[in-house]
Amino acid sequence: MSTLSEAYTDHPLHLHQIIPLDFDTVRAVPESHLWPNSDDDFPADVDDHDGQLSTAPVPVIDLSDPDAATKLIGHACETLGVFQVINHGISSSLVKEAESETRRLFSLPARQKLKALRAPGGATGYGIARITPFFSKYMWHEGFTIMNNSAIDHANTLWPNDEHARFCDVMEDYQKKINILAEQLTKLIFKSLDITEEEEEEMDQWWVDPSTALQLNSYPSCPDPSRALGLAPHTDTSLITILHQSSTINGGGLQVFKEGVGWVPVVPVSGALVVNVGDLLHILSNGRFINVLHRVFVNQNLQRLSMAYFYIPPIGFRVAPLAKLVNSSGQVPRYRSVTVREFISIKAKSLDKALSFIEN
C-alpha cells in the first residue's frame, strides 16, 4: 500500500515555495511577507485582542470520564469543530521534552536547517507550509515534517555524530503516545455518531495502519506582527489534528472561525492538547462536524512553537458519508465516495475548493 508521503509526490513545489526566510537576519518584514493591513484580516493590535475577537471559549474536555467526554466531544465537533482535552494520558514531561527538541531544531542556523530541506516532490523535512502557493504573500513560518522514519533520515543531516539521537528518540516516543490518543479520540467521536457495527468493523482497519504526520512549527518573533501572518486561514485534510501549542504571555496565536461569531482565540490551557476536525471527518459526518477554518498570528517579542499530529485513514481507504447517519436523518449524501489519496490530490490542487469537487 502507498504511504502518505508518496501521496504528495504527484504535486511537486518550486524551491521558492519551500525555502523559509532566514529570520535571524531580518530586521523588517520584507514586501514578500507583508499582508494587507485590513480590519477584516487583522486585529488592530495583535497583542491586545479586546474588542476584535470573540470571547467565546473553546471547550476543555476531561477524558477521565469517557461517557461524559463522548457527548461533549460530539457537541464540540458539531458546534465549533475544535476542543481541548485534559487527562489525555500523555505526560507533561514528554510534551515538554518534545517542545524542547522542537526548539533545539529551529534554533539551528539557517544554513544547517537547509541541509534537511524538503524535496520539491517530497513531504518530509524542513520547509514552509504546503499551502503557500495558494496565497500571494508568504507566511511568517518555518516547519519540519515527520512521517514514518523520516526523523532519523533528516536528523542525521542536521546534527553531527550522535547529537540527533535524542531528537529522534523523543519524537518517536511522542508519536507513539499521541497515536494512542488519536485512536481513543476517534473512537469516542464515532461513538457519538452512533455508527453501525458494519461501519465500525470497517474502520478497525484504521487503527492497524493509519496514515500519520507530525508537523513541527516555528513562528519566529516578528518586527511588525500587524502586517505578518503565521499561517493563512485553512482547514486540515486530516480526520482529526491534535496540537500542542507553546504558552506565550499574550495567550498564543491560534484562532478558529465560528460562523456568525467570527474569529475565536484558542488560548493555551496548561496540560491540554487542542483537537480539531479535519476535512475527512467532515465528509464522514456528512457535513455535520465542522472542518474548522483556522489561522495563526505572530508576536513581536516571542517565538511561538507548535506540534501538530495529523491522523488520517490509510490512503487507499474510501471515505464517504456514514450510511447510518444519512439513512436515520433522511438526508442525501452531500459528498461522493473518494479515496484518501484522491482527496489529498484534490486538496493539493484546490485547497479551500476541494470539497466542492466531490459534492453530489
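What the table below lists for this structure:
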{"quantity": "Qualifying residues in region 99-122 (those that are touching a Leu at 6+ places or on another chain (Cβ under 7 Å) and in a loop (DSSP other than H, G, I, E, B)) - the one most open to solvent (accessible area, probe 1.4 Å)", "calculated": "Pro120"}
{"quantity": "Count - residues of region 186-209 that are in a helix (DSSP H, G or I), open to solvent by less than 90 Å² (accessible area, probe 1.4 Å) and over 14 Å from Leu284 (Cβ atoms)", "calculated": "3"}
{"quantity": "Sole residue being more than 21 Å from Trp206 (Cα to Cα) and either modelled with pLDDT of 95 or more or part of a loop (DSSP other than H, G, I, E, B) (or both), chosen from Val275, Val264, Val332", "calculated": "Val332"}
{"quantity": "Single unsatisfied condition, Phe289 versus (1) part of a helix (DSSP H, G or I); (2) open to solvent by less than 10 Å² (accessible area, probe 1.4 Å)", "calculated": "(1)"}
{"quantity": "Region 316-329 - residue that is touching a Leu at 6+ places or on another chain (Cβ under 7 Å) and assigned to a loop (DSSP other than H, G, I, E, B) and, of those, nearest to Ile290 (Cα to Cα)", "calculated": "Pro321"}
{"quantity": "Any hit, region 52-74, residues being surrounded by 14 or more Cβ atoms within 10 Å (Cβ to Cβ), under 17 Å from Tyr219 (Cα atoms) and of a type outside the set (Gly, Ala, Ser)", "calculated": "no"}
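The values are calculated or read from the model by the stated rules, or taken from the named source; none is laboratory data. Computed from a prediction, not measured in an experiment: that's the story for all the values here. Neighbour counts run over all protein chains shown; Cβ positions are idealised from the backbone, glycine included. Each accessible area value is taken on the protein alone, full model and side chains, heavy atoms only, with ligands, DNA and RNA left out. Shrake-Rupley method; radii C 1.70, N 1.55, O 1.52, S 1.80 Å.
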